[in-house]
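**Student:** Once you've had a glance at the structure underneath, I'll fire off some questions.
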Amino acid sequence: MCGVNIVETYTGHVDPGGDAARRTLDALTITKLSVGPMDNNAYLLVCRAENEALLIDAANDPERISDLIGHGPDRPALRTVVTTHQHQDHWQALGAVAGANGANTAAHPLDAEPLPIPPDFLVEHGDTLKVGQITLEVIHLRGHTPGSIALLYQDPNGHPHLFTGDSLFPGGVGKTGSPSDFTSLLDDVETRIFGELPDETWFYPGHGDDSTLGEQRGHLAEWRERGW
């Protein structure tokens, strides 16, 4: 029996240690789960046509992630685990989850070295990853870490869905270690995300609640002026 309850009403909010929330699109399901002591979000993406899965950030609590995937014969086949960036709170369960499922792992080459297992695939800006019949585009966002990435799903029957790791949150970009890193990150977020995607794009960060680009777009100048 699954130890994680999944609610089918998706708001973008999940509680630490609480229920997972599933969003069902025409071709893809997106299930969000908060894991670990830092309220990290793990996202399970399942292609509905082929029942293949991709996990974004095996951050912590491998048992809860395993329960999220399921244990019965109809559970999805986890093919790939993507790590959005090198910070330790985003890969505590990487080895356990990948090993238990025979899944490949992927990360940007500039953030690969600190990971607990070497990535099977190195991905860079403009590359794509497949989950069943679904294609995800890799967007490199330089500044939170050198190799931070976001993943974009362009739903042909709806709005875009963007998984931003710790590079973009409601209220600002991710933490940076220097003014030059902040400028780099905000420049990339402005040009590669806000400059390319519409307001209705829903984004899913590495911690906390989701938002849309439209809700955040008017604050870009404010973020740049305050410097964080």
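The values are calculated or read from the model by the stated rules, or taken from the named source; none is laboratory data. Given the structure is predicted, the values throughout are model-derived calculations rather than measurements. Cβ: placed from backbone, ideal geometry, glycine included. Neighbour counts: every protein chain shown. When the accessible area is computed, the model is the full protein with side chains, heavy atoms only, and any ligands, DNA or RNA have been set aside. Shrake-Rupley method; radii C 1.70, N 1.55, O 1.52, S 1.80 Å.
**Student:** Just one of (1) open to solvent by 10 Å² or more (accessible area, probe 1.4 Å); (2) among the charged types (D, E, K, R); (3) farther than 26 Å from R22 by Cα trips up D111, so point out which.
**Tutor:** Here D111 meets the rest and fails (1).
**Student:** Okay, moving on. Take the residues in segment 171-182 that are open to solvent by 50 Å² or more (accessible area, probe 1.4 Å) and of a type in the set (G, A, S); name whichever of them is nearest to G12 (Cα to Cα).
**Tutor:** It comes out as G177.
**Student:** Let me ask something else about it. Of all residues in segment 87-108, count the ones that are open to solvent by 50 Å² or more (accessible area, probe 1.4 Å) and assigned to a loop (DSSP other than H, G, I, E, B).
**Tutor:** 3
**Student:** For the subset of segment 183-209 comprising residues that are open to solvent by 20 Å² or more (accessible area, probe 1.4 Å), not small (G, A, S) and not in a helix (DSSP H, G or I), which member is nearest to G143 (Cα to Cα)?
**Tutor:** For segment 183-209, the residue satisfying everything is H207.
**Student:** Taking the residues in segment 210-228 that are of a type in the set (S, T, N, Q) and in contact (Cβ under 8 Å) with a residue 24 or more places away in the chain as candidates, determine which candidate is surrounded by the fewest Cβ atoms within 10 Å (Cβ to Cβ).
**Tutor:** Checked segment 210-228; the qualifying residue surrounded by the fewest Cβ atoms within 10 Å (Cβ to Cβ) is S211.
**Student:** Restricting the search to segment 1-56, which residues are more than 20 Å from L162 (Cβ to Cβ) and of a type in the set (S, T, N, Q)?
**Tutor:** Those that are more than 20 Å from L162 (Cβ to Cβ) and of a type in the set (S, T, N, Q): N5, T9, N51.
**Student:** Follow-up. Kindly indicate which of L152, L129, L136 is free of Cβ contacts under 8 Å to residues at least 60 places away in the same chain, open to solvent by less than 60 Å² (accessible area, probe 1.4 Å) and within 27 Å of E50 (Cα to Cα).
**Tutor:** Residue meeting the stated conditions: L152.
**Student:** Among (1) touching a helix residue (DSSP H, G or I) at 6+ places or on another chain (Cβ under 6 Å); (2) open to solvent by 60 Å² or more (accessible area, probe 1.4 Å), there is one condition G147 misses while meeting the rest; what is its number?
**Tutor:** (2)
**Student:** Do we find that L78 is of a type in the set (A, V, I, L, M), under 26 Å from Q154 (Cβ atoms) and in a helix (DSSP H, G or I) in this structure?
**Tutor:** no
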